[in-house]
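This report concerns only the one structure given below.
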Amino acid sequence: MKVELSFVLIGTTHTGNIGAAARAMKTMGYSSLRLVDTCSHRTDEAKARASGADDVLLSAQRYERLEEAVADCHAVIGTSARPRNLAVPMLSSRELADTLNTLAANAESVLRVALVFGRERSGLNNQELDRCTHLVQIPVNPDFSSLNLGSAVQVLAYECSTGLHALRDTTLEAKPALPSDGAAMERLFEHLQQVMLQSGFLDPDNPKHLMRRLRQYFERNRPDEIEMNVWRGFLSSVQRPVSGAHDNEVNPDPSE
Ligand code: SAH
């Protein structure tokens, strides 16, 4: 049905790049700009580079952590100049809009999507990549693959504005449910970790990559609301015998 896009910039160090991103967004009709741990966006240089997209620039929301910036999003699209963590699907910029169209196909409510852009020098770190449901690369010269941040925002904003369908055929029968949002995913990971610590499956002194692998596994295919309830219910059910084990011992079935 409807896709709502937010552009998330992480750790941007050049204020002018934030202005350029705002300008690129506005030319394609987008306005939701989220800034995670970036330099200031309220500077003369940012304003100059925004070239009239001051409204987008000045309404930007600031966050300390990526999790907070994408808590309401059903899909988190990391962007990268080079192939990175292949635990989630890597798309080309041309494939992005169709992937989002499929995710949003005929869903009853709005699909909220975050497009996440990394630092000028080092891009996105592994922890941030692990919070992405998909990765996107703009195909460029393999020997010189790094675009300026504002240019990368421009290309992806263009692809989305031309490729996303505003309305879908609502006569289709199947109504796929939306993937869970970021906040629900964080609660699932916390719950999983709690249960695995309690059961002894996760050794806090030697966690290896267990939580990271599980995170990548679930991010690749986020459960919808009903599936999430099943997972959370299952986790609670295995927690109960752990905490209630003692009761069972001291209070055997009186009918026996
Ligand atoms: N040196 C960094 C590149 C940073 S460029 C690196 O190698 O990762 C700053 C940001 O612009 C990147 O984090 C990414 O969000 C975006 N970007 C630059 N080139 C891109 C490309 N070819 N495809 C997708 N995103 C790109």
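Every number in this text was worked out from the coordinates using simple rules, so none of it is lab data. Model, not experiment: these values are computed from the prediction. Cβ placement follows ideal geometry from the backbone for every residue including glycine, while neighbour counts extend to all protein chains displayed.
Scaling against 2.2 N^0.38 Å puts the C-alpha radius of gyration of the range 1-81 at 1.05. The rule of thumb for compact globular proteins, 2.2 N^0.38 Å, goes into the C-alpha radius of gyration of the chain 1.18 times.
Other residues lying with their Cβ under 14 Å from the Cβ of Lys26 contribute a combined charge of +1, Lys and Arg counting +1, Asp and Glu -1. Cβ-to-Cβ counts within 10 Å put Met185, Met196, Met211 in ascending order as Met211, Met196, Met185, the fewest first. Relative to the longest principal axis of the Cα atoms of the chain, the long axis of helix 182-199 makes an angle of roughly 30 degrees.
What is the calculated FRET efficiency for Asp98 to Arg187, with r their C-beta to C-beta distance and R₀ = 41 Å, to the nearest 0.05?
Computed FRET efficiency for Asp98 and Arg187 comes out at 0.85.
Between the helical axis of 210-220 and the longest alpha-carbon principal axis of the chain there is an angle of about 60 degrees.
A simple charge model with +1 on the Cβ of Lys and Arg, -1 on the Cβ of Asp and Glu and nothing else charged puts the dipole of the chain at about 1000 debye relative to its Cα centre.
Under 5 Å from the amide H of Lys2 lie the amide H atoms of Leu111, each residue being 5 or more positions distant or on a separate chain, with H modelled from the backbone and absent for Pro and chain starts. Rounded to the nearest 0.05, what FRET efficiency is calculated for Asn221 and Asp55 with R0 set to 51 Å and r the Cβ-Cβ distance? E between Asn221 and Asp55, to the nearest 0.05, is 0.90.
Using the rule -39500 (n - 2.57) for each DSSP H run of four or more residues, divided by the residues of the chain, the 222 nm mean residue ellipticity is -14000 deg cm²/dmol.
For the range 85-129, trypsin sites (Lys or Arg not before Pro) meeting the loop criterion (DSSP other than H, G, I, E, B) and having at most 11 other Cβ atoms within 10 Å: Arg121.
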